[in-house]
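What follows is one structure encoded as structure tokens, with my remarks underneath.
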Amino acid sequence: MTKEEALKTYFGYDAFRGGQEAVIDALLSGRDALAIMPTGAGKSVCYQIPALLLPGITLVISPLVSLMRDQVTALVQMGVPAAFLNSSLTFRQYLLALDRAREGRYKIIYVAPERLETEGFRSFVQAADVSLVAVDEAHCISQWGQDFRPSYLNIPAFVSSLPHRPPVGAFTATATPDVKEDIENLLNLRDPFRMATGFDRENLYFEVRQPGDKRAALLELVRGRPGKCGIVYCTTRKAVEEVCQFLQDRGIPAARYHAGLEAEERRQNQEDFLYDRAQVMVATNAFGMGIDKSDVRYVVHYNMPKDMESYYQEAGRAGRDGLPASCVLLYSGQDVRTGEYLITHGEAREGLDEAAAERLRERDLQRLRQMTGYCRTRHCLRQHILRYFGQDEPDYCGTCYNCLHNFKEVEVGREAQAIVRCIAETGQHFGVGVIAETLCGAGTDRVRKYRMERQASYGALEDLTQKAVRERIRFLLDEEILTLSPGQYPVLLLGERAEDVARNGPALYMRTLEEDRPAAVSRRPVPTELEGGQAELFGRLRALRARIARRQGVPAYVVFSDKTLREMAVLQPRTMEALRTVGGVGDAKASRYGRAFLEEIEDFFG
Ligand code: ADP
Ligand code: ZN
């Protein structure tokens with residue numbers, strides 16, 4: 001079998017994606033490889049196809065015990081004999097799996113790094129024919145990366161203990177030079193073939209919002225995408241709890257995930273999301289590494305993450321199937337202060353001396369600043385991300401929020417002066433709402449209650465809308481001319497530069513939205529919406545998929561991805577042969593499900 005045949009037979013795809021073929025060739029020729037590819041680019045195919053073509057067993061070392069089961073289920077669905085060895089198995093199951101492995105029943109075995117050292121496993125690999133070792137999420141070996149796993153450091157010793165050293169393939173989506181160097185050195189890669197594919201994810205739409213009310217903004221985003229599944233990332237466990245509750249109270253099927261929950265609840269919630277029982281997952285960054293649910297249609301960041309690597313990795317969990325998906329970040333100046341606090345007050349990592357810890361902190365603050373830069377830029381967001389990863393891009397992508405809108409600079413010195421004076425005059429006791437109402441000369445209950453009409457600055461900005469005043473207050477918060485007190489009812493406080501603004505009213509320039517840019521031209525075709533009949537058929541195919549998945553107790557996307565069903569709804573195949581031309585329909589799935597789907601299509605056209 002050739003690699004092309006394997007791609008078609010097992011995965012049902014006609015062509016390799018950028019970078020896949022070269023990595024596969026390197027591994028097949030016995031050479032080590034280091035592949036840096038963004039999330040969703042298709043890294044797993046790069047070691048799964050060599051695994052199918054090489055004579056012996058491929059070991060895949062992966063950090064996430066909880067997800068191995070799904071990866072293996074997906075492989076088995078495609079007709080690939082695979083298994084996993086990790087702590088979720090009982091001792092008995094573990095021994096049974098090892099026995100079967102000894103009998104040569106599996107081509108691919110997923111193993112947790114901690115398992116490499118166990119006695120049973122060691123004796124198994126000494127006798128087995130290991131053709132390839134694939135190290136997934138290879139950045140876990142570096143303490144410069146975000147997910148350092150000490151047990152990854154044992155991988156090279158394990159590899160050299162094998163009777164014949166097989167080629168080693170290392171895979172990651174983290175591209176910074178420090179981490180890359182660590183992977184090559186610490187994993188002991190030998191003259192590796194290096195592949196770094198473009199980091200652009202064309203189907204993703206990027207947007208940063210700075211809403212006055214994040215909850216309302218989130219609700220609008222979620223309600224605007226009925227029936228679509230999405231992930232909402234929050235920085236803290238507490239925020240996860242609150243946001244999840246908030247969505248549930250409004251009738252949205254949301255689940256929560258963070259490291260503070262019992263393992264059982266985590267497992268259950270994750271499963272609810274994978275199986276489409278919970279439409280929205282509200283989570284900390286503990287959720288998602290290795291999640292390969294391909295039909296996540298949006299990722300909202302409720303807080304700004306700590307660096308661009310984290311952001312792009314998390315946002316990249318949207319739209320892995322290549323269909324349009326949105327990545328929206330809800331930013332506030334408070335996120336920056338929280339981030340700074342966590343870095344400067346956070347626990348130093350184990351085993352670091354003070355100087356090294358200080359260097360790490362400096363670097364983390366620098367990363368946080370770069371992340372803030374992304375939130376505040378009015379230029380192309382895609383370009384901003386890709387430049388960060390060292391990729392040069394044109395300054396207009398036509399598909400991010402900033403490219404789809406026009407911005408203008410307005411001078412707000414006089415207005416800033418009025419805002420600062422109002423806050424000073426009222427003793428730094430009030431929040432954004434009361435201050436905005438006062439400046440606009442509104443007659444609300446609370447304005448009356450606090451007798452704001454008597455203040456000199458009452459109505460000082462009556463030519464502006466309250467929305468415009470709020471926007472200027474946010475700008476002053478960003479500039480740190482103002483700050484917010486911590487706590488549930490934050491009040492506006494004066495920052496260091498406030499006095500200068502109040503006295504001199506220096507020129508200050510704020511970038512603000514001009515108008516929607518009419519009919520922006522997309523620089524590339526994104527898959528279009530389905531037409532009436534196709535959409536209906538798509539719905540029926542999805543329902544059929546759900547029934548099959550339920551019967552088998554597997555997640556729906558493991559049967560067929562959304563992308564595959566869409567293509568079916570458009571191509572409307574009536575024969576097995578035609579069905580086989582649909583992307584994602586390999587041999588095993590065609591023979592298992594082909595008839596049922598053909599019948600559904602037949603039935604649809606009655
Ligand atoms: P990564 O591990 O790089 O994040 P995956 O290996 O999970 O990405 O692949 C993402 C999606 O792309 C999966 O649904 C996979 O089946 C699909 N895919 C991989 N290779 C191809 C290909 N050559 N053609 C079409 N789809 C592909
Ligand atoms: Zn853009």
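Quick notes on this one:
- Here's the picture: charge each Lys and Arg Cβ at +1 and each Asp and Glu Cβ at -1 in the range 532-605, and of 581, 548, 594 the one pushed furthest to the positive end of that dipole is 548.
- Charged-residue dipole, Cβ positions (Lys, Arg, Asp, Glu), the chain about Cα centre, Debye nearest 20: 1120
- Of 238/563; 43/293; 306/467, pairs whose Cα-Cα distance is over 26 Å: 238/563; 306/467
- Difference of contour (0.36 nm per residue) and Cα-Cα distance, residue 99 to residue 277: 60.5 nm
- A simple spin-label model places the labels of residue 576 and residue 220 5.3 nm from each other, with each point 7 Å out along Cα-to-Cβ.
- Rounded to the nearest 20, the size of the Cβ-charge dipole of the range 406-516 about its Cα centre is 520 debye, with Lys and Arg at +1 and Asp and Glu at -1.
- For residue 246, the solvent-accessible surface computed with a 1.4 Å probe is close to 20 Å², ligands and nucleic acids excluded.
- One quarter of the surface of the convex hull around the alpha-carbon atoms of the chain equals 30.6 nm², the direction-averaged projected area.
- Label-zone membership for the range 209-234, site residue 445, 7 angstrom Cα→C-beta point, backbone N under 16 Å: none
- Across the range 107-158, the relative contact order, built from alpha-carbon pairs under 8 Å that are at least six residues apart, equals 33 percent.
- Both radii are taken from the alpha-carbon atoms of the range 3-196; with Rh as the Kirkwood radius, Rg/Rh is 0.93.
- Reach of residue 408 by Cα under 16 Å, taken over aspartates and glutamates that are not fewer than 8 positions away in the same chain: 471, 514, 515, 516
- Fraction in percent of alpha-carbon pairs per bin - 5 Å, the range 204-397: 1, 7, 15, 19, 20, 16, 11, 7, 3, 1, 0
- Nearest-ten-degree value, helix 333-345 long axis tilted from longest Cα axis of the chain: 60
- Taking the charge dipole of the chain about its Cα centre, with +1 at Lys and Arg Cβ atoms and -1 at Asp and Glu Cβ atoms, the residue from 79, 532, 300 reaching farthest to the positive side is 532.
- Mean residue ellipticity (222 nm) of the chain, computed from DSSP H runs ≥ 4 via -39,500 (n - 2.57), nearest 500: -13500 deg cm²/dmol
The values are calculated or read from the model by the stated rules, or taken from the named source; none is laboratory data. Quick caveat: nothing in here was measured; it's all calculated off a predicted structure. Note: ideal-geometry Cβ built from the backbone for every residue, glycine included; neighbour counts use all protein chains shown. For the accessible areas, the whole protein counts, side chains as well, though only heavy atoms, and no ligand, DNA or RNA atoms are used. Shrake-Rupley method; radii C 1.70, N 1.55, O 1.52, S 1.80 Å.
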